[in-house]
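The structure under discussion appears below in the form of structure tokens.
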Amino acid sequence: MLCLHMHNNNNTPNYIAYNTILMSYEVHGRPQFETSVIMWWSSFLALVLVPYPVSLLDLEYLDPTKLQTVTPAHAQKRAALHIIRRYTKQVSVEVNHVWFRNGKDSFNIKTGDGFLFIRASTGVAAVWGFNYYLKKYCKSQIEWQTQRINIPKLLPYADETVTANDRFRYYQNTCTTSFSFVWWNVGDWKKHIEWMALNGINLTLAPVAQEAIWARIYRKLGMTQREIDNHFTGPAFLTWLRAGNIRGWGGPLPPAWHKLQLQIQQTVIDTLLNLGIIPILPAFNGHVPVEFSRLFPNQTFYTVQPWNNFGTDYCCGLFVSPINHIFKKLGKMFLEELGNIPGCHIYISNPFNEVTLTEFDTELALETAGSIFAALYEFDQRAVWVVQNSMFVNQKWPKERVEAFLDAVPNGRILVLDMESERLPKYNSFNMYYGQPFIWCMLHNFGGTLGMFGNMVTINKDVYEVRARANSTMIGIGLTPEGINQNYVVYDLMLESAWRNSPVEDLNAWIADYAERRYGCNASEAWTLLLKSVYSYEGFGKIDGSYITTKKPSFNYSPWSWYNSSDLFQALNKLLFIKNSTCFSKGYRYDVVDLTRQVLQYKTEQIFLKLVEQRNTNNFEKTVNLFLDIFDDMAMILATDINFVAATWFKKARDIGTVSEEADLFEHNAWNQITTWGPNAERNDYACKQWSEMIAFYYRPGWAKFLYGIMRAVNREKEPQPLLGKVTQRPIYNTKNVLARGKRKKHPYGLAIRLYYKWISIPGLRDLRIVSAENPVDGKTFDVGDYYEPDYELNK
């Protein structure tokens, strides 16, 4: 709905009153009264809107001193100690909410009498302070997959107070729940919340059993169980069901799934609140099942256009017209079924994320924003709406439309996540979101793919620059990866921007210190080279983790890089030949595997270029064998570390099932997400994984079939060109070999050295072309990803 307010919070009652008036004039379609008012208001806005004065930014409802203090200080202290005492008993914690500084978390750490004394504004600030002490004074490191803890009996001296730079340290992407968290149980979530607290995260998406809630609502409204089952996707695709992109694929959802998610929801929200972490709850975004046209024949619906070429069985749900009374009714019903959770006032709703409607204009955008907030406000008068800026990043959202959408909500009552600030920031294009607050976020990863890369120079610079601007409406930093468990060094640097007063002066020194915390020894030479190479990306092209290794077989690729191969190869040399026995930590073992994988990945792409050059020569067969041999070696090195095996992914999926039919369904979901994604490879390889079994039993056989077909054609003296661009069928769904191979365990060190000597000096290989911000790939390449593949869509 349109909002009659001018960048201030005093007119919220006017906003609600106007919204109510418009609702009362509802007729079939858009009310005549509203149309005339919209025309007048649009003309008025064009005359009076000016750049927003930042001094008027209203943050009354985004106040951490209120949002983080729902749980009493003594309870937050108890929750903080529960985490900290897992690492040491030599600690004393005090939590007092008066220790907020300018509305921001703070902590003081001080040692004395053999104890570490922590005073903090909240429980999460206390745990954050403890991790700060571990990193800075004890050279320890706690990460997603590995940790190295070294707390001396005689605690190193400390006496330091740290205050957060911003109100919020945000975490999660709506996709993360599908790509990384989907098979988690309560224990997995508790462990991850511990990581959040250690890193000062104070604002995060709560895992809510949304489908269990909607199932109850749909039944009340008259949908049959069969219709509900046909609507819900499987667990691995719920993010895109919720966004309105697809429906039905990979479903149905068994009752056991709903039961587990309800348990997770209750436990996680309670745990977050006890630490002083603010949970963000989901809210209605306008998308409904196709059966709603039968249930409400007199209401107006817009059809969602097919997403990523999904067919009619799985696409094209409905979007409720925001001027229909059922829009606000559904929004209220969902929140009422969720229940009024004390202290939770932040809600997320993304109505147009990668969504195209049959009809769409600025008026519809305005009405949608107004109706979403109206439903929130009617349920919770302290509500703040969080929105990802992803929907603004396409041509259907010109600046005027974005401004109208954001201006439809009172100032300070919508919080924008600038999702990919490190590569494609939008706060400049949208004039600091026209006066609405936003969070500077690092997305970094797409689909939970593997591959060493990062933009450490940019994140060490831009965050601080934007924060310091006179007109900045930035009120936090955030991590928004689609998938975790990769490239932790980049996230570690980003998290430190929450407390650092200025950029790291010497990134070489910083990364050497990071390696020492991770390994317990000096590995500066290797990591300086990694900073110079894989972590030096400053371009604008999308690095989505889809490399030749995991690509569908074709010769229509032109791989590129942003660094010199010599730096990467030398980094592996320096890592493998460290003359220090203290280096052999879990983090070191992980990096030996990951860096060897990265080198083999690069070598694969070099050999691929040689294949393309030699496809009509007598040397082709020899190069084919070399190409397939490197897949075998990559699978072997990956099998030596549990973090690089697929068996874990599939086992966790099966373990959630309470009966064999459920386990089979979840396993099928797990397989499809990391391979073809949809029934007809609609998002093929988007979430590909360089895991040992996938390399051995999925990617290698696909390439082998393709290349052997080319060889047979050449040997029969037939023209091979008709086959060159054709994508062959990969192995069908079968995880028996995957689960069996996942049990193999070896130490990676000796194997990595053998592979280094085997592959480092293969003759006749040329480096990949270098692409940088100064030497960008052509525009079409940026549209399709990190490779130019003109025939890819045609040859699925």
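Observations, loosely collected:
- Among the conditions (1) more than 17 Å from ARG216 (Cα to Cα); (2) touching a residue at least 60 places away in the same chain (Cβ under 8 Å), PHE334 misses just one, which is (1).
- Strands (runs of 3 or more DSSP E) (entirely within region 137-232) containing at least 3 residues that are surrounded by 16 or more Cβ atoms within 10 Å (Cβ to Cβ) and either out of contact with any Pro (no Cβ under 6 Å at 6 or more places or on another chain) or at pLDDT 95 or above (or both): 168-171, 203-205
- Selection count where residues are of a type in the set (A, V, I, L, M) and without any contact (Cβ under 8 Å) to a residue 60 or more places away in the chain, scope region 623-641: 1
- Wholly enclosed helices (runs of 4 or more DSSP H) of region 392-474 bearing at least 2 residues without any contact (Cβ under 8 Å) to a residue 60 or more places away in the chain: 399-407, 462-468
- Flag for ALA383 being more than 14 Å from LEU62 (Cβ to Cβ) and either of a type outside the set (S, T, N, Q) or crowded, with 24+ Cβ neighbours inside 10 Å (or both): no
- For THR604, the conditions (1) of a type in the set (Val, Ile, Thr); (2) out of contact with any Ser or Thr (no Cβ under 7 Å at 6 or more places or on another chain); (3) free of Cβ contacts under 8 Å to residues at least 60 places away in the same chain; (4) part of a helix (DSSP H, G or I) all hold with the exception of (2).
- Within region 293-310, the residues that satisfy the criterion of being within 21 Å of ALA365 (Cβ to Cβ) and not in a loop (DSSP other than H, G, I, E, B) are PHE301, TYR302, THR303, VAL304.
- Subset of region 355-378 [touching a helix residue (DSSP H, G or I) at 6+ places or on another chain (Cβ under 7 Å) and surrounded by fewer than 18 Cβ atoms within 10 Å (Cβ to Cβ)]: THR362, GLU378
- Residues (of a type outside the set (D, E, K, R), on the phi < 0 side of the Ramachandran plot and over 24 Å from the mean Cα position of the chain (by Cα)) located in region 215-244: ALA215, ILE217, TYR218, LEU221, MET223, THR224, GLN225, ILE228, ASN230, HIS231
- Residue among LYS542, LYS552 that is out of contact with any Leu (no Cβ under 7 Å at 6 or more places or on another chain), surrounded by fewer than 22 Cβ atoms within 10 Å (Cβ to Cβ) and at negative phi: LYS542
- Residues that are out of contact with any strand residue (DSSP E or B) (no Cβ under 7 Å at 6 or more places or on another chain) and outside any loop (DSSP other than H, G, I, E, B) within region 475-494 comprise TYR488, VAL489, VAL490, ASP492, LEU493, listed in sequence order.
- Residues satisfying the stated conditions in region 573-582, i.e. surrounded by fewer than 22 Cβ atoms within 10 Å (Cβ to Cβ) and either outside any loop (DSSP other than H, G, I, E, B) or among the β-branched types (Val, Ile, Thr) (or both): ASN573, LYS574, LEU576, ILE578, SER581, THR582
- Qualifying residue in region 690-697 (condition: on the phi > 0 side of the Ramachandran plot, in a loop (DSSP other than H, G, I, E, B), touching a residue at least 40 places away in the same chain (Cβ under 8 Å) and not polar (S, T, N, Q)): no
- Residues in region 70-95 that are over 15 Å from ILE201 (Cα atoms) and of a type in the set (S, T, N, Q): THR71, THR88, GLN90, SER92.
- Any hit, region 98-109, residues being touching a Ser or Thr at 6+ places or on another chain (Cβ under 6 Å), more than 30 Å from CYS521 (Cα to Cα) and without any contact (Cβ under 8 Å) to a residue 40 or more places away in the chain: yes
- Residues of region 255-271 satisfying the condition of being surrounded by 18 or more Cβ atoms within 10 Å (Cβ to Cβ) and in contact with a Phe, Trp or Tyr (Cβ under 9 Å, 6 or more places away or on another chain): TRP257, ILE264, VAL268, THR271
- Which numbered condition MET694 fails, given (1) surrounded by 21 or more Cβ atoms within 10 Å (Cβ to Cβ); (2) within 30 Å of CYS315 (Cβ to Cβ); (3) in contact with a helix residue (DSSP H, G or I) (Cβ under 6 Å, 6 or more places away or on another chain): (3)
- Members of region 84-107 found to be closer than 9 Å to ALA126 by Cβ and out of contact with any His (no Cβ under 8 Å at 6 or more places or on another chain), listed by number: ILE84, VAL93, GLU94, PHE107
The values are calculated or read from the model by the stated rules, or taken from the named source; none is laboratory data. This one's a predicted model, so the numbers in the text were calculated from it and none came from an experiment. Backbone-built Cβ (ideal geometry, glycine too); neighbour counts: all protein chains shown.
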